[in-house]
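Enquirer: Take this structure, written in structure tokens, and hold onto it; I'll ask about it next.
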């Protein structure tokens, strides 16, 4: 389905860092010296091999450089084509997953300042997520505090799979900061690969790695619920980005059934997992992983049981659909305006502010 | 969409006494020396001194404490004092007779395939197979055994399959859903070759020797999480079998996913299809859309039943997977047992009920020939 609504809010686009040189002006002397003297570059995340078909739609390939690195092209292809009112930049870069906490912090900080100066300043339609080094919640909170006053940052970005499960108390300072500043936590498909992509080990193919992202998303939701994160931080929103959608009803049913069976283990979980998910969790629609039969997709979307959860996204420049068909057939009509405008505004409250 | 069947259905728990085939019954060891008669003196001594040493944190139990003693139904403890699943006469009375079970497939979960010492694992799985015959199938023809193998010792596993293949007491090869590596990888292919050559299906039961964390992002704290994410290992195995080309190479292989849920199956197939369409050049050996292999080669056991908030959505799940691919399973004597008369919260026609409770299993296990 092509875009029937003007002023859509695209909740997932990916400007790319061309290379470490781009970031050096946004680093202190130590890190400048470090990256130059050690000759280090190439911090593209392993979850997105830059030349894999999914990483760039064929007609969105830039004349040179990485997909998503050309500002003018992004403006015309991602913003103009879909008549976007806003688009949220989720810059996937190695700082999110570096094993060194301090290097991660340096890279995330540089990306955030670079996005603000060279993207957000140049187009009022752009908003961005704050990259954080979640490897160290202490440094992550410092980064959130440093940038929270810039209201063009509307979300905190982390990869779906890190070193530990996200419900654990280790990460709670991040959620406290997120709640304090009205920033949702965005979990984007991708992994630090500290654990195998499946519980039976390392698949041979990128295709299976990518498809298996759903298992990380599901596991993180179960962890956040079981550890009581949503009752500790009742205003927290978690956005699953590039997660796929059709697995969600099955997850909800199984989570409820299991919780009913053994909830005595986690007595602090008083609200049904279904209610917690519907209240606190949002998902971007691309890549929609639906069947050929749009009627079946429509039934699956109804099974989600909430009209508030899906957020419009193109996942630009990733290759998830053709032409302008960013909204899959099978989305119930009453949801289109919700998905494209109302749900994003409700999720990212900062989008409702006038920002100069 | 699959079969269109008549639907004059009425849910009536006292309706026709349909004969039932149960593809997940757990026999258990009467005590921790129950396998000793089938093990050499060396392994008996080894187990007594060192234990079986799987990838777990405690010496004598699994990492995640379960929620009921022996993971069992409270009423499944036999008066004899044996553990649930260890007393054949009690199992016959409480389960086989009570539910009109025509055949039941044993799925032993006795930590035989989990030792890191692969020679021990192979010896223990051999012992488990001997034990199933001696204690269960030789005494009760309604019970069928599984050929348990230590998949990590592929040579030993194939030898065990060859040893049992001609014995009609065995219905399938049993593998764990959590192998050390994704099960589609080439090192495991001799097992699939042997299974196909002997026309034996493979039953994947949740569990197994994996050394990896239960999730792609680490270790959960709680059983409520671990119990749930076990189903992800099934998803991983299904995807691995398809993407590594196992079904392309062994087109007559039949596998059933046991105790891993099934609401995920169609969404996984759609997701695989969507991304395969773009990246099939990475897996050139996968000639057809992944969903077609799923439809052709994969069956699903029903327990623990999916419970959609709108019960009628269960019908949509069966429609998407295929009514001919669902096999009833009880998980007796475990706490999350599914009663064949009560677990399906939708109205099914007599024909649909017969497929899931009986006929699909006859076809899958080829019980007409092996019965």
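Values quoted throughout were computed directly from the atomic coordinates according to the rules given, and no laboratory measurement underlies them. Fair warning: this is a prediction, and the values are worked out from it, not measured in the lab. Using ideal geometry, Cβ is built from the backbone for each residue, glycine included, and neighbour counts are taken over all protein chains shown.
Enquirer: Let me check I have the definition right: for segment B:169-275, take the eigenvalues of the Cα gyration tensor, multiply each by 5, take square roots. What are those semi-axes in whole Å, largest first?
Expert: They are 24, 16, 13 Å, listed from largest to smallest.
Enquirer: Next up: Take every residue in peptide B:180-190, count the Cβ atoms of other chains within 10 Å of its Cβ, and give the average of those counts.
Expert: The per-residue average across the peptide is 3.
Enquirer: Right, another one. Once each part is reduced to its C-alpha centroid, what is the distance from segment B:63-80 to segment A:56-83 in angstrom?
Expert: 59
Enquirer: What distance in nm separates the simple spin-label points at residue B:75 and residue A:163, each placed 7 Å from Cα in the Cβ direction?
Expert: 5.0
Enquirer: Using a 10 Å cut-off on Cβ atoms, rank the peptides A:219-227, B:64-72, A:337-345, A:289-297 from the highest mean neighbour count down.
Expert: Result, highest mean first: A:219-227, A:337-345, A:289-297, B:64-72.
Enquirer: Sorted by mean Cβ packing within 10 Å, highest first, what order do the peptides B:176-185, A:274-283 take?
Expert: Highest-to-lowest ranking by the protection proxy: B:176-185, A:274-283.
Enquirer: If you take the C-alpha gyration tensor of chain A, multiply each eigenvalue by 5 and take the square root, what semi-axes do you get, largest first, in whole Å?
Expert: So the three semi-axes of chain A are 29, 25, 20 Å.
Enquirer: I've got another one for you. How big is the antiparallel share of DSSP beta bridges in segment B:154-306, given as a percent to the nearest 5?
Expert: 10
Enquirer: Can you pull the one-decimal nm distance between simple spin-label points at residue A:272 and residue B:18, each 7 Å off the Cα toward Cβ?
Expert: 2.8
Enquirer: From the helices alone, meaning DSSP H stretches of at least four residues, give me the mean residue ellipticity at 222 nm for chain B, per-run term -39500 (n - 2.57), in deg cm²/dmol to the nearest 500.
Expert: Calculated at 222 nm, the ellipticity per residue is -9500 deg cm²/dmol.
Enquirer: Shifting gears a bit: Would you work out the Kirkwood radius for the protein assembly as shown? I mean one over the mean of 1/r across all pairs of different Cα atoms, in Å.
Expert: That comes to 26.8 Å for the protein assembly as shown.
Enquirer: Estimate the FRET efficiency between residue A:150 and residue B:97 by the formula 1/(1 + (r/R0)^6), using the beta-carbon distance for r and 45 Å for R0, to the nearest 0.05.
Expert: It comes out at approximately 0.05.
Enquirer: Need the C-alpha centroid separation for segment A:101-126 versus segment B:178-212, integer Å.
Expert: 47
Enquirer: With runs of 4+ DSSP H residues as the only contributors, calculate the mean residue ellipticity of chain A at 222 nm using -39,500 (n - 2.57) per run, divided by the residue total and rounded to the nearest 500.
Expert: Roughly -9500 deg cm²/dmol at 222 nm, from the helical runs in chain A.
Enquirer: Cα extents of segment B:220-371 along the three principal axes, largest first, in whole Å?
Expert: 47, 46, 28 Å, listed from the longest principal axis down.
Enquirer: A further question on this structure: At R0 = 35 Å, how high is the FRET efficiency between residue A:101 and residue A:307 if r is their beta carbon distance? Nearest 0.05 is fine.
Expert: 0.30
Enquirer: With Kirkwood's inverse mean 1/r over C-alpha pairs for Rh, give me the Rg to Rh ratio of chain B, two decimals please.
Expert: Taking Rg over the Kirkwood Rh, I get 0.94.
Enquirer: Can you give the mean number of other chain Cβ atoms that lie within 10 Å of the Cβ atoms in peptide A:192-198?
Expert: Average per residue, whole number: 6.
Enquirer: At residue A:36 and residue B:351, where each label point lies 7 Å from the Cα along Cα→Cβ, what is the point-to-point distance in nanometres?
Expert: 7.8
Enquirer: Using 0.36 nm per residue, how much length does the chain from residue B:89 to residue B:44 gain when fully extended, once their Cα-Cα distance is taken away?
Expert: The span from residue B:89 to residue B:44 would gain 13.4 nm if fully extended.
Enquirer: Where both partners of a DSSP beta bridge lie in the protein assembly as shown, what percent of those bridges are antiparallel, to the nearest 5?
Expert: 5
Enquirer: Could you work out the mean count of beta carbons from other protein chains within 10 Å of each residue's beta carbon in A:284-295?
Expert: Other-chain Cβ atoms within 10 Å of each residue's Cβ, averaged: 3.
Enquirer: Quick check on segment B:117-193: what does the Kirkwood estimate of hydrodynamic radius come out to from the alpha carbon pairs, in Å?
Expert: Mean inverse Cα-Cα distance, inverted, gives 12.8 Å.
Enquirer: Here is a further query. Using the count of nearby Cβ atoms within 10 Å as a rough guide to exposure, how do B:259, A:298, B:309, B:152 rank from fewest to most?
Expert: B:309, A:298, B:152, B:259
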